[in-house]
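Reviewing the structure listed below.
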Amino acid sequence: GAVVSQHPSRVICKSGTSVKIECRSLDFQATTMFWYRQFPKQSLMLMATSNEGSKATYEQGVEKDKFLINHASLTLSTLTVTSAHPEDSSFYICSATDGPGELFFGEGSRLTVL
Amino acid sequence: GIQVEQSPPDLILQEGANSTLRCNFSDSVNNLQWFHQNPWGQLINLFYIPSGTKQNGRLSATTVATERYSLLYISSSQTTDSGVYFCAARNSGNTPLVFGKGTRLSVIA
């Protein structure tokens, strides 16, 4: 199957700093990428949908100014958590697709904000 | 939007036992996937199965799209099968997958 690579896998940062997470489709062109967040012992919740070259669409309750998403190319989307706080600590997972079929997921990024 | 429900929420099995996990969805789907989330959080894609039946080793899955459910079968379970199993579905073009709440499986030796 297709490969989606996410980096970094783990990051620890101080409160108030910004963290960038990258999501790359390695062997296909991802017209659409999705960002999910997962809190401990919970399911994956969609944060936003990004289409290459256009602004991301955020789910209700997700602050667009805190979670900046950029999808500048068909193989790369980035999520930047700005001015991170301890409550932003979570597991962030991206997924990518080139159409209506199967979605492929990255390995996830575990963010800990001290 | 589409809703996805999984059952049971928790399951404890003796090693070697078989099990069936169920996923119900509220609308027609063009994509249904089963995942196993390992202890490190990584989602392992088990099946892409919007309809029909597939098998991969000790695992198999069946989706009956007309009746809006999918089943994941685990045979001869092993301790390494432990973890959370998620079903996720979507019903049109470039919409995201909606996840169920998962089934937490514990296989004990």
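The values are calculated or read from the model by the stated rules, or taken from the named source; none is laboratory data. The shown structure was predicted, so the numbers you read here are calculated from the model rather than taken from an experiment. So basically every Cβ, Gly included, is an ideal-geometry build from the backbone, and we count neighbours across all protein chains shown. In case anyone asks, the SASA skips ligands and DNA or RNA and just uses the protein heavy atoms, side chains included. Shrake-Rupley method; radii C 1.70, N 1.55, O 1.52, S 1.80 Å.
Summary table
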| item | result |
| --- | --- |
| Cα-centred dipole magnitude for chain A, charges only on beta-carbon of K, R (+1) and D, E (-1), debye, nearest 20 | 360 |
| Net charge of neighbours whose Cβ lies under 11 Å from the Cβ of A:TYR58, counting Lys and Arg as +1 and Asp and Glu as -1 | 0 |
| Length released on extending from A:ALA2 to A:GLN60, taking residue separation times 0.36 nm less the Cα-Cα span | 17.9 nm |
| Added length on full extension, which subtracts the Cα-Cα distance from 0.36 nm per residue, A:LYS41 to A:LYS14 | 7.3 nm |
| Candidate residues A:GLU102, A:GLU107, A:GLU63: accessible-area rank, largest first, probe 1.4 Å | A:GLU63, A:GLU107, A:GLU102 |
| Relative contact order (%) - criterion: Cα under 8 Å, at least six apart; region: region A:62-114 | 29 |
| Relative contact order (%) - region A:13-54, alpha-carbon pairs under 8 angstrom, separation at least six | 32 |
| Cα gyration tensor shape for region B:37-95, rounded if a/c is under 1.5, else prolate or oblate | oblate |
| Rounded to the nearest 20 debye, dipole of region B:1-67 from Cβ charges on Lys, Arg, Asp, Glu | 220 |
| Relative contact order %, chain B, counting alpha carbon pairs below 8 Å whose residues are six or more apart | 38 |
| Prolate/oblate/rounded label for region A:43-107 (Cα gyration tensor, a/c 1.5) | prolate |
| Fully extended contour minus Cα-Cα distance, from A:THR112 to A:SER73, at 0.36 nm per residue | 11.3 nm |
| Tensor-based shape of chain A (alpha-carbon gyration tensor, a/c under 1.5 rounded, otherwise prolate or oblate) | prolate |
| Size of electric dipole in the protein assembly as shown: Cβ of Lys, Arg +1 and of Asp, Glu -1, about Cα centre, debye, nearest 20 | 260 |
| Theoretical FRET efficiency, 1/(1+(r/R0)^6), r = Cβ-Cβ of A:ASN51 and B:GLN78, R0 45 Å, to 0.05 | 0.65 |
| Whole-number D in µm² s⁻¹ for chain B, Kirkwood Cα-pair radius fed into Stokes-Einstein, 4 °C, 1.567 mPa s | 94 |
